[in-house]
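The next block holds one structure in the form of structure tokens; read it before the comments.
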Amino acid sequence: MEIKNKIADAIKKAVQSAIEDKIFDLNGELPVVNLTVPPKKDFGDFATNFAMQTAKIFHTAPKNIAQEIKSRIDAPFIEKIEIAGAGFLNFYLKSDVIYTELKNIYYNLENFGQLANKNNPTIQIEYVSANPTGLLHVGHGRGAAAGSAIVNILRSAGYNVESEYYINDAGNQMENLAKSVNARYLELLGQEVEFPENGYHAVDIIDTAKKIVAEYGDKYLNLPEDERLRILMDLAYADKLAELKKDLADFKVFIDNWFSERTLHNGKIESAIKILQENGTIYSKDGALWLNSTKYGDDKDRVVVRENGVATYLAADIAYHKDKFDRGFGTMINLWGADHHGYISRVKAAMTALGYDADKLKILLLQMVSLYRGGELVKMSKRTGESITLHELIEEVGTDAARYFFLMRSIDSQLDFDLDLAKKQSSENPVYYIQYAHARICSICKQVTNLSDENINFSLMNSNAELDLINKLLEYPQEVEKAALDFAPQRIARYAYDLAAQFHSFYRDCRILGVETELAKARLSLVKITAHTIKHSLGLLGVSAPESM
């Protein structure tokens, strides 16, 4: 990454020089210098289409721009620069540059992949935030994998990050939870009851009621119903939240801050509504209070307090996001299901009306997950007849496979999850393929114990297989940076797979055992860097890197 940054800086300085000399007339904002590794070594070590990107800005032919940049670049580490095609700039590094870079990585290996701290205002990422009234399902699993991976990647890229789970522990859903558990509790104690109309029928509600009976027996049987409902609500809530946290922990998801919706009902909702009333963004109509969200681009105005005086979910969302802004985060990122798309404009409208910069609030929408087994769509759990739970998915394919499969596609695309493939122990399974590469390197290192780490001659590695693996490793810090900027864990998933493939090619062509000692030392250092990078990249995804398989 350091090499890429140096080339990019050299290009920027060359362009600035041409602008100052009035060779280029700047008519707009310059794009970011994007450097890529060409598909063939003949095309150089790095290439950029910067000249073509700036042709309209400079009103100049790309080849002329490329020629001007080439003539003004001052970079002692570059052997030569060639102009290709319509205006590509191909950079050829001096032979010792990548070996110097590789040496620096090897002797500071524990830090490779961890970028310098950016000292940014804290980024808050809120994800999952499922109601604590039932078990997490596979849709929540995708959000959990994506949210936690984005947190990991941002931290590795040097950003200050805090994760949060918004617990919807107020309102009708909690009352329905209490009524549902109450009905099951009474049934277990031999009472005849009519199950509540809006109750939760899932098997886990019966499980919760069984736990209460096992611990407390009929202690609450003869209490007045309202008192029993209040007690059972608290007991059921505690049980559901504990189950939820356990499922997330089993899925390698650990939240920094758990925010209770109940805390908003101690004046924060009323305070937010009052401010919006005073500035004219909330008005009265038909006995209800309405948010004038059409003023800010929404398709219609929204009710925040019903005619009966009960606040809507939107009112709580407004108060919650106001609280986020008041906590001083630099950026707030929410991972929501695609079905929440309509909420974006209304929440942002309220934030703008409250005087905040709504652009600081970014919403990432998660598309649906479809499970397939034997080529057939799986809709329901055989055990419960309900949606497949995250716990069941972990039991069937394991945490590693589940997380990788959730993360190998962009979150804004629908995901078809092949359960059979996720369980395969073969190279067809991408996560197995990557983990096997790491295990193979660990096996090599255990066999080779007589080579020292001193005076390694990295320049002995000059075959295509060796150079391809080296160049792939040098891409890693930039991949971390790009994945962080784009909130794109799939970039890391793809990189880990490509790196494993590059290692497998290297392993096929380049022996370590049975070759001359100095070359063996150099190649062993290379595979150690590879093992670290595979482990680090999988770690960002929340996937383990086993030492044997």
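The values are calculated or read from the model by the stated rules, or taken from the named source; none is laboratory data. Not measured: the values here are computed from a predicted model. Neighbour counts are summed over all protein chains in view; Cβ atoms, including those assigned to glycine, are modelled from backbone coordinates with ideal geometry. Protein only, heavy atoms only, side chains kept; ligands, DNA and RNA dropped before computing areas. Shrake-Rupley method; radii C 1.70, N 1.55, O 1.52, S 1.80 Å.
Using 0.36 nm per residue and subtracting the Cα-Cα separation, the extra length available between GLU547 and VAL193 on full extension is 121.9 nm. Sorting the segments 368-377, 141-150, 504-513, 428-437 by their mean number of nearby beta carbons within 10 angstrom, highest to lowest, gives 141-150, 428-437, 504-513, 368-377.
Coordinate range of the alpha-carbon atoms in the range 3-93 per principal axis, descending: 35, 25, 19 Å.
Of all aspartates and glutamates in the structure, the ones whose alpha carbon falls short of 13 Å from that of LYS63, not counting any fewer than 8 places away in one chain, are GLU82. Amide H contacts of HIS137 (H built 1.01 Å from N, in plane; Pro and chain starts excluded): LEU390 sit under 5 Å, all sequence-distant by 5 or more or on other chains. Could you tell me the distance between the Cα centroids of the range 492-516 and the range 64-82, to the nearest Å? Between the Cα centre of the range 492-516 and that of the range 64-82, the gap is 33 Å. Sorted on the mean count of surrounding Cβ atoms within 10 Å across their residues, most packed first, peptides 61-69, 489-497 read 489-497, 61-69. Near the amide H of ASN292, within less than 5 Å, lie the amide hydrogens of ILE282, TYR283, all on another chain or at least 5 residues away, with H placed in the peptide plane.
Modelled spin labels at LEU221 and ASP420, positioned 7 Å past Cα toward Cβ, are 5.2 nm from each other.
Using a cut-off of 32 Å between Cα atoms, the listed pairs LYS360/LYS424; LYS300/LYS379; LYS219/LYS240 include LYS360/LYS424; LYS300/LYS379 as exceeding that distance. The mean sequence distance of close C-alpha pairs (under 8 Å, at least 6 residues apart), as a share of the length of the range 3-93, puts its relative contact order at 30 percent. Peptide packing for 230-242, 352-364 was compared via the average number of neighbouring C-beta atoms within 10 Å per residue; ordered from the highest value, the list is 230-242, 352-364. Taking the 1.4 Å solvent-accessible surface of the chain as the whole, the part contributed by carbon and sulfur is 47%. In the context of the full set of protein chains, residues of the chain present 47 Å² of accessible surface per residue (probe radius 1.4 Å, heavy atoms only). Calculated FRET efficiency, LYS103 to ASN5, Cβ-Cβ distance, R0 = 25 Å: about 0.90 to the nearest 0.05. Distance between the 7 Å Cα→Cβ label points at LYS13 and ASP234: 6.8 nm. Give me the net charge of ILE273's neighbourhood, meaning all other residues with Cβ under 13 Å from the Cβ of ILE273; Lys, Arg count +1, Asp, Glu -1. Result for the local shell: +2.
Among the listed values [x] -0.29, -0.85, -1.11, -1.32; [y] -0.38, -0.96, -1.15, -1.29; [z] -0.23, -0.66, -0.89, -1.12, the one matching log10 I(q)/I(0) by the Debye sum over Cα atoms at q = 0.05, 0.09, 0.11, 0.13 Å⁻¹ as calculated from this structure is [x]. Label sites at GLU175 and ASP256, each approximated as a point 7 angstrom past Cα along Cα to Cβ, lie 3.6 nm apart. So how far, in whole Å, is the C-alpha centre of the range 108-165 from the one of the range 175-252? Using only Cα atoms, the two centres lie 32 Å from each other.
Annotation for the range 158-247: GluC sites (Glu not before Pro) lying in DSSP loop with at most 11 further Cβ atoms inside 10 Å of their Cβ are GLU192, GLU194, GLU197. Beyond 18 Å in Cα-Cα separation lie the following of the pairs LYS324/LYS348; LYS118/LYS324; LYS285/LYS348; LYS12/LYS472; LYS40/LYS482: LYS118/LYS324; LYS285/LYS348; LYS12/LYS472; LYS40/LYS482. Tell me, what is the FRET efficiency for GLN277 and ASP299 to the nearest 0.05, using R0 = 22 angstrom and their Cβ-Cβ distance as r? Here the calculated transfer efficiency is 0.45. Considering only alpha-carbon pairs that sit under 8 angstrom and 6 or more positions apart, the relative contact order computed for the chain is 14 percent.
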